[in-house]
Amino acid sequence: MHLKTFLSLAFASVCSAALLSGCVGSKYVYSPQNRMLMASSHNDFLWLGPCGSPWNYDDQVDILFNGTGPRFDASQLEAYQNGKLKIDSGYVILDRTKKRVTIQLTFEGSEHEPVPCKYNGTHKFTLRDPGEGEETRPSLENLFKTNEPDFYQP
């Protein structure tokens with residue numbers, strides 16, 4: 001009886017640890033219609049959010065391309081997170097044939113220090129235009145018309 005109780009408790013604690021430890025996944029979606037890349041990450045930590053409901057942490061950086069070609073320098077890009085971000089330096093290479101994107105960007109952080117983008121690196125992306133209720137190029141540009149940049153929060 002004690003062994004059965006112990007095994008049940010051990011199994012429950014392993015399952016709880018797995019659920020509470022969470023897992024991080026990133027996804028990259030390119031919208032040809034909007035000439036926009038959405039880089040996002042999702043963390044499955046089971047925190048209690050408002051009203052006692054489970055809450056997951058999501059982060060997203062939207063990169064808009066203002067130019068043509070496979071390589072876009074910082075001056076040809078706009079980036080949004082919780083507002084329009086000031087791109088300090090870098091580039092993005094978009095390989096539509098292989099569905100790969102290389103991101104090497106540095107944003108201005110809250111201490112006015114350059115902060116590397118957490119999505120830097122080479123990643124596979126999927127092609128998909130935004131669905132109803134999702135962010136689009138015009139919705140981002142209209143929402144953040146201010147000239148004051150927000151600071152990058154990795």
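The values are calculated or read from the model by the stated rules, or taken from the named source; none is laboratory data. Computed from a predicted model, the values in this text were never measured in an experiment. Note that each Cβ is placed from the backbone with ideal geometry, even for glycine, and that neighbours are counted across all protein chains shown.
Here is the figure for the stretch 102-140: residues that are of a type in the set (G, A, S) and either loosely packed, with under 12 Cβ neighbours inside 10 Å or under 18 Å from G67 (Cβ atoms) (or both) total 4.
Within the stretch 48-87, the only residue that satisfies the criterion of being modelled with pLDDT under 70 and touching an Asp or Glu at 6+ places or on another chain (Cβ under 7 Å) is N56. Taking the criterion of being charged (D, E, K, R) and assigned to a loop (DSSP other than H, G, I, E, B), the residues of the stretch 102-131 that qualify are E111, E113, K118, R128, D129. Condition check for Y91 on (1) part of a loop (DSSP other than H, G, I, E, B); (2) modelled with pLDDT of 85 or more; (3) in contact with an Asp or Glu (Cβ under 6 Å, 6 or more places away or on another chain): one failure, at (1).
Okay, residues lined up against (1) in contact with a Phe, Trp or Tyr (Cβ under 9 Å, 6 or more places away or on another chain); (2) at positive phi; (3) among the hydroxyl-bearing types (S, T, Y); (4) modelled with pLDDT of 95 or more:
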{"position": "R96", "(1), (2), (3), (4)": "yes, no, no, no"}
{"position": "I103", "(1), (2), (3), (4)": "yes, no, no, yes"}
{"position": "E113", "(1), (2), (3), (4)": "no, no, no, no"}
{"position": "K124", "(1), (2), (3), (4)": "yes, no, no, yes"}
{"position": "L127", "(1), (2), (3), (4)": "yes, no, no, no"}
{"position": "E135", "(1), (2), (3), (4)": "yes, no, no, no"}
{"position": "N142", "(1), (2), (3), (4)": "no, no, no, no"}
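Looking at the stretch 61-101 only, could you name the residues that are free of Cβ contacts under 8 Å to residues at least 40 places away in the same chain, over 17 Å from F144 (Cα atoms) and crowded, with 21+ Cβ neighbours inside 10 Å? Answer for the stretch 61-101, where residues must be free of Cβ contacts under 8 Å to residues at least 40 places away in the same chain, over 17 Å from F144 (Cα atoms) and crowded, with 21+ Cβ neighbours inside 10 Å: just F72.
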